[in-house]
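Right, one structure below, let's go through it.
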Amino acid sequence: MGRVAVIVPTLRRPEGLAHALASLMAQQGVADRLGEIVVVDNDREPSARAVTERFQGQAFPVVYVHEPTVGVASARNAGLAATDAPLIAFLDDDEIASPGWLAALVATQASTGADVVFGPIRGRAPEAAADVRPYLEAFFGRAGPASDALIDHPFGCGNSLMVRATALPGPAPFEVRWDQSGGEDDALFAALSARGGRYGWSAAAWVDEVAPAHRANLGYALSRAFAYGQSPAQAAWAKRDITGVVKWMAVGAVQLAGWGLVALPLTLLRRPGRARALDRAARGLGKILWMPGLEPRFYGASELQRLDRAGR
């Protein structure tokens, strides 16, 4: 399939970006395949330039792109515009790739013929409270089959390899209307599934994802769980599948009621299982309150505002 480019979108995470780039410079078995690492600085000002320049001239070429339109879809599209590589890998700026990460993704794509290949993620939340840390590390992680295989559903863009011709059609395949809330990968994969796209799992393509302090808490995880719950009803609405919307809302009502009853005593008693029960209840609530305008804002302007407040 030719050369691979790795796209790393970043927004004011200099330490995380440095760890991600260091892990990419340590990749093994891809000397003849990894064409360039594209860092997309999604800040209003070019705040990631200095970190990026530290890695230029090392093991693999590094391309710096400044995309001042703040939003996750805009950042990914800007990265794609900076390379013509036929294979595109995505690594987030809070992820650290294992040395064989990219080689494993490439090998799995070749053996399965999948349009998109995903790998496992080991969640890490070192700053989380001890009683919810196991839940949070599982929440930020990703598990799958014990060996390489075709799978029947996609995951998120982080730690993935995509065949550009089939999975990323056109100059801007990520819909910018998802810039602020996320979900741009859900829309991309829904369209790919409708075209008969195939997904693969690369069991050896490990990355670590380190949750920063502002995310390593139950409140943030539950807001993300709510957003995840919204996805199936929103997808049905996008297809004007009213029956599907009603079905998912009914599923959500049952989920909210059942897990809410489980979560209540566990929360009152502060038992460890409360986090998982609250997560499932939040996903149920998301299926009910799926309507446009109710999506939580995790990216784009809202994240930039949070960073501005933290900086002050």
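Values in this text are rule-based calculations from the coordinates and carry no lab data. All values derive from a computational prediction rather than experimental measurement. FYI the Cβ positions are ideal-geometry reconstructions off the backbone, even for glycines, and counts take in every protein chain you see.
Could you compute the net charge surrounding HIS66? Neighbours are other residues with a C-beta less than 14 Å from the C-beta of HIS66; K and R count +1, D and E count -1. Counting the neighbours of HIS66, the net charge comes to -2. Of all DSSP bridge pairs formed entirely within the chain, close to 40 percent run antiparallel. FRET efficiency for the pair ARG3 and ARG270, taken as 1/(1 + (r/R0)^6) with r the Cβ-Cβ distance and R0 = 41 Å, rounds to 0.20.
So what's the range 218-311 giving for Rg/Rh, alpha carbon basis, Kirkwood Rh from the mean inverse pair distance? Could you put the intermediate results ahead of the total?
Numbers: Rg = 15.1 Å, Rh = 14.2 Å.
Here the Rg-to-Rh quotient is 1.07.
Charging the Cβ of each Asp and Glu at -1 and of each Lys and Arg at +1, and nothing else, the dipole of the chain about its Cα centre rounds to 1000 debye.
Between amide H atoms placed 1.01 Å from N, distances below 5 Å from ILE7 occur with VAL38, ALA89, PHE90, LEU91, all of them 5 or more places distant or on a separate chain.
For the chain, modelled as a GNM whose springs connect Cα atoms under 10 angstrom apart, the maximal fluctuation among TRP101, TRP237, TRP290 occurs at TRP237.
Using 0.36 nm per residue of separation minus the Cα-Cα distance, give me the extension gain between ARG195 and ASP308 in nm, one decimal. Don't skip to the end; give the middle numbers.
Values: separation 113, 0.36 × 113 = 40.68 nm, distance 4.13 nm.
Taking ARG195 through ASP308 to full extension adds about 36.5 nm, to one decimal.
With R₀ fixed at 41 Å, the C-beta to C-beta distance from ALA250 to ALA130 puts the FRET efficiency at about 0.65. In a shell of Cβ-Cβ distance under 15 Å around GLY197, excluding GLY197 itself, what net charge do Lys and Arg (+1) and Asp and Glu (-1) give? Result for the neighbourhood of GLY197: -1. Tally Lys and Arg at +1 and Asp and Glu at -1 over the other residues with C-beta under 14 Å from the C-beta of PHE226: what net charge comes out? Value of the local net charge: +3.
With the gyration tensor restricted to C-alpha atoms of the range 1-55, the semi-axes of the equivalent ellipsoid amount to 22, 12, 8 Å, longest first. For the range 118-195, relative contact order (Cα pairs under 8 Å, six or more residues apart, normalised by length) works out to 26 percent.
Residue farthest toward the positive end of the dipole of the range 218-311, with Cβ of Lys/Arg at +1 and Asp/Glu at -1: which of ALA227, VAL245, GLN255? Going by the Cα projections, it comes out as GLN255. For a modelled paramagnetic label at MET25, 7 Å from Cα along Cα-to-Cβ, the residues of the range 56-70 in reach, with backbone nitrogen under 18 Å, are 56-65.
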